[in-house]
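A.B. asks: Shown below is the structure under consideration.
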Amino acid sequence: MYTDKVLDHFTNPRNVGEIEDASGVGEVGNMKCGDIMKMYLKINDETNVIEDVTFKTFGCGAAIATSSMSTEMIKGKSIDEALNLTNRAIADALDGLPPVKMHCSVLAEEALKAALLDYQKKSGKNLGLNEDDFEDWDEE
Amino acid sequence: MRRVYLDHGATTPVRKEVIEAMMQVHSEVFGNPSSIHSFGRPARKLIEEAREKVAQAIGADPKEIIFTGSGTEADNIAIIGGARANQKKGKHLITTVVEHHAVLDAFKSLEKEGFEVTYLSVDGEGAVSVEEFQNALRDDTILVSVMHANNEVGTIQPVEEIGKICRERKILFHTDAVQTVGKVPVNVKEINCDFLALSGHKIYGPKGIGALYMRRGVRVQPLYHGGGQERKLRPGTENVANIVGLGVAIEHAVAEMPAESARLEKLRDRLIEGVLGSIEETRLNGPRTKRLPHNANISIEYIEGEALILSMDMKGMAVSSGSACTSGSLDPSHVLMAMGLTHTTAHGSLRMTLGHSTTDEDVDYVITELKPIVDKLRAMSPVWERFQKGLPIH
């Protein structure tokens, strides 16, 4: 059901934890469907580089693996690169997800964008993120 | 690595005696049981011997046993066939919210045909109330179905009382006994049922075989059409080997039940106490005593069931869960939700069902290995973090 890469990221998740003085924190998902992801970003205000990223996830194997993979994919990258990360790319990097688990990759993308939105608010920079977009996502 | 199978509620390994009997059928008896020649006659004889064994195991007459392809099929023939055959008397049916989907979905399909269904609720331990059942009865109630024991939390239902009331009012009563045969005594006369469904693969028999008890004199409308096999209710050439396998399996299951159920009950209690005692924020789902002897259902708060199953699997432990991710839908187990559990608690449910292979060492292994798994998953759970900080869990 799961690829070796999913199982690897589930068993040995990368970047688990919190960042105390995070530049941006995003939490998405809900208890009803059983997936909640929280992502912490440490961003260099000068260079716009994501210097550190961590996550905490309540959810199934795919939810934990997509969280872990997405942190790996954006660590050390610029904000622009992170904004371009799609759920499809996260799933592909894990060698695919079962169709019923694709929503986990969507959640990982949302968690990242929610953390960037938080950073947008805190830093006053315009990253082109709109709060309204998130309300739509929540219903998926 | 140690391998611990604690999912006997899902299925069981086929026991040696069953394999031997089935092998013999496959290699020596290929004739069609409906053929009257010397190739067919031994096959017919084997089927009738198996029918006697099944009947004896549940206190029925062999004529009252119909072999089916599964427990699901037995449920469908009884519920849909029974309702359709009696619809002139009324259109009202009663069942419970915690039935297996084999039963629930049969009722859902009857609703589309114009039947009205009352779904009885359950209490916090998963038990149906006889009083609520009596209040639900109507003059046009024609059929009632209440499972003997629940497959997820092991709650044993008051089927004897419900059956007695149905019998007095001449209402058909069906019970799904797939989880109870071989675990607790099952007697169709004591239950006062008109139908009873059972399955082979839950009692160390083969998959793809079930049986329906249908009380003498009861009529149903057939769901399938074809030959005259199984009183025309399950036409098609009989699966002789599977039928023989079911006969051998049920004979052994019932014979060993008193000793085996007592053994499993002790192991189950030690497992429950061990897990609840070593891991904080855990709870037992279902009743403490009036439950199946081999069933332990525990919620481990603030972590998700599928992640738990995967982690336990990596340590050789096979278990199941009622989380949304494992129930095949977006919602967690309908049984746990009906019992009033929150989504969080239902998502973290863990079902461990013991059986033949389960030993004291297995129980020790689970108690020892589970805690570090839970600690690891909680360490990465934002919900656990919320709980620890005293924040609301949403």
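The values are calculated or read from the model by the stated rules, or taken from the named source; none is laboratory data. The model shown is predicted, which means the values in this text are computed figures rather than measured ones. Don't worry about glycine lacking a Cβ; one is built from the backbone with ideal geometry, like all the others, and counts go over all protein chains shown. Side chains are part of the model used for accessible areas, which takes the heavy atoms of the whole protein and leaves out ligands, DNA and RNA. Shrake-Rupley method; radii C 1.70, N 1.55, O 1.52, S 1.80 Å.
A.B. asks: Translational diffusion coefficient of the range B:1-82 at 10 °C, 1.306 mPa s, Stokes-Einstein with Kirkwood Rh over Cα pairs, in µm²/s as a whole number.
C.D. replies: 102 µm²/s
A.B. asks: For the range B:20-37 and the range A:1-48, what is the separation of their Cα centres, given in Å?
C.D. replies: Each part's Cα centre sits 59 Å from the other's.
A.B. asks: Something else now. Show me B:236-246, B:44-54, A:71-81 ranked by packing, highest mean number of other Cβ atoms within 10 Å first.
C.D. replies: Most protected by this proxy first, the peptides run B:236-246, B:44-54, A:71-81.
A.B. asks: Ok, one more. Against the globular-protein guess of 2.2 N^0.38 Å, express the Cα radius of gyration of chain B as a ratio, rounded to two decimals.
C.D. replies: Here the Cα radius of gyration is 1.03 times the empirical estimate.
A.B. asks: For A:8-18, what's the mean count of beta carbons from other chains sitting within 10 Å of each residue's beta carbon?
C.D. replies: 2
A.B. asks: If the convex hull of the alpha-carbon atoms of chain A is projected onto planes in all directions, what is the mean projected area in square nanometres?
C.D. replies: Mean orientational projected area (chain A, Cα hull): 7.7 nm².
A.B. asks: Given Cα positions, please report Rg to Rh for the range A:52-132, the hydrodynamic radius being the Kirkwood one.
C.D. replies: Result: Rg/Rh = 0.97.
A.B. asks: Mind ranking B:2-9, B:301-308 by how tightly packed they are, going by the mean number of other C-beta atoms within 10 angstrom, highest first?
C.D. replies: Taking the mean over residues of other Cβ atoms within 10 Å, the ranking is B:301-308, B:2-9.
A.B. asks: Report the semi-axes of the equivalent ellipsoid for the protein assembly as shown in whole Å, largest first, where each axis is √(5λ) for an eigenvalue λ of the Cα gyration tensor.
C.D. replies: 50, 25, 22
A.B. asks: Given the options B:ALA127, B:ALA136, B:ALA74, which has the most mean-square fluctuation in a GNM of chain B, springs set between C-alpha atoms less than 10 angstrom apart?
C.D. replies: B:ALA136
A.B. asks: How much area per residue is accessible in the range B:117-205 when the probe is 1.4 Å and only protein heavy atoms are counted (Å²)?
C.D. replies: On a per-residue basis, 33 Å².
A.B. asks: For the range B:315-394, what is the per residue volume of the convex hull drawn over the alpha-carbon atoms, in cubic angstrom?
C.D. replies: Each residue corresponds to 131 Å³ of Cα convex hull volume.
A.B. asks: Can I ask one more? Under the Kirkwood approximation for Rh and a Cα-based Rg, what ratio Rg/Rh is obtained for the range B:18-132?
C.D. replies: 1.12
A.B. asks: While we're on this one: Any chance you could give the angle, 0 to 90 degrees and rounded to 10, that helix B:360-379 forms with the longest Cα principal axis of chain B?
C.D. replies: For B:360-379 against chain B, the angle is about 50 degrees.
A.B. asks: For each cysteine in the protein assembly as shown, check whether another cysteine's C-beta sits under 4.7 Å from its C-beta; list those where none does.
C.D. replies: Among the cysteines of the protein assembly as shown, those whose Cβ sits 4.7 Å or more from every other are A:CYS33, A:CYS104, B:CYS166, B:CYS193.
A.B. asks: Next question, about the same structure. How big is the A-B contact in terms of buried accessible area, both chains counted, 1.4 Å probe, rounded to the nearest 100 Å²?
C.D. replies: Using a 1.4 Å probe, the pair buries roughly 2100 Å².
A.B. asks: Could you work out the helix-only [θ] at 222 nm for the protein assembly as shown, with each DSSP H run of four or more residues adding -39,500 (n - 2.57) and the total divided by the number of residues, to the nearest 500 deg cm²/dmol?
C.D. replies: That calculation yields -13000 deg cm²/dmol at 222 nm.
A.B. asks: Quick one: divide the alpha-carbon radius of gyration of the range B:68-206 by 2.2 N^0.38 Å and tell me what you get.
C.D. replies: Dividing the Cα radius of gyration by 2.2 N^0.38 Å gives 0.96.
A.B. asks: Report, by chain and number, residues whose modeled amide H sits under 5 Å from the one on B:THR155, excluding near sequence neighbours (fewer than 5 apart, same chain).
C.D. replies: B:ASN150, B:LEU292
A.B. asks: Right, another one. When the dipole is taken about the Cα centre of chain B, and only Lys, Arg (+1) and Asp, Glu (-1) are charged at their Cβ, what size is it in debye, to the nearest 20?
C.D. replies: That gives a dipole near 980 debye.
A.B. asks: Sticking with this structure for a sec: For B:LYS108, which aspartates and glutamates qualify as cross-link partners when the Cα separation must be under 20 Å and same-chain residues fewer than eight apart are set aside?
C.D. replies: Partners within reach: B:GLU73, B:ASP75, B:GLU99, B:GLU116, B:ASP140, B:ASP176, B:ASP331.
A.B. asks: Please compute the contact order of the range B:85-183 in relative form: average sequence separation of alpha-carbon pairs under 8 Å and at least six residues apart, divided by the residue count, as a percent.
C.D. replies: Here the relative contact order equals 29 percent.
A.B. asks: Taking the alpha-carbon centroid of each part, what is the distance from the range B:304-365 to the range B:71-140 in angstrom?
C.D. replies: Taking the Cα centre of the range B:71-140 as reference, the centre of the range B:304-365 is 27 Å away.
A.B. asks: Which pairs in the list B:LYS89/B:LYS232; B:LYS89/B:LYS207; B:LYS88/B:LYS202; A:LYS32/B:LYS290 are over 28 Å apart, alpha-carbon to alpha-carbon?
C.D. replies: B:LYS89/B:LYS207; B:LYS88/B:LYS202; A:LYS32/B:LYS290, as the Cα separations exceed 28 Å there.
A.B. asks: Rounded to the nearest 5, what % of the DSSP beta bridges within chain A are antiparallel ones?
C.D. replies: 95 percent
A.B. asks: Next question. Measure nothing but the geometry: give the 0 to 90° angle between the long axis through the Cα atoms of B:101-112 and the longest principal axis through the Cα atoms of chain B, rounded to 10°.
C.D. replies: Approximately 70 degrees, to the nearest ten.
A.B. asks: Follow-up question, since we're still on this one. Need one value for B:305-312: mean number of C-beta atoms belonging to other chains within 10 Å of its residues' C-beta atoms.
C.D. replies: 5
A.B. asks: What are the equivalent ellipsoid semi-axes of the range B:239-394, built from the alpha-carbon gyration tensor (square roots of five times its eigenvalues), in whole angstrom, biggest first?
C.D. replies: Rounded to whole Å, the semi-axes are 31, 18, 15.
A.B. asks: Below 8 Å, C-alpha to C-alpha, sequence gap of six or more: please give me the relative contact order for chain B in percent.
C.D. replies: Reported relative contact order: 22 percent.
A.B. asks: Ignoring ligands, DNA and RNA, what percent of the accessible area of the protein assembly as shown is carbon or sulfur (1.4 Å)?
C.D. replies: Here carbon and sulfur together make up 51 percent of the probe-accessible area.
A.B. asks: Quote the charge dipole size of the protein assembly as shown about the Cα centre in Debye, to the nearest 20; the model charges only the Cβ of Lys and Arg (+1) and of Asp and Glu (-1).
C.D. replies: Charge dipole, the protein assembly as shown, about its Cα centre: 2500 debye, nearest 20.
A.B. asks: Measure nothing but the geometry: give the 0 to 90° angle between the long axis through the Cα atoms of B:240-278 and the longest principal axis through the Cα atoms of chain B, rounded to 10°.
C.D. replies: Helix B:240-278 and the main axis of chain B meet at about 20 degrees.
A.B. asks: Considering only C-alpha atoms, what is the centroid distance from the range B:224-281 to the range A:61-90, in Å?
C.D. replies: 47 Å
A.B. asks: At a threshold of 8 angstrom on Cα-Cα distance, excluding pairs fewer than six apart, so keeping six or more, what relative contact order does the range B:192-266 reach in percent?
C.D. replies: Worked out over the range B:192-266, it gives 28 percent.
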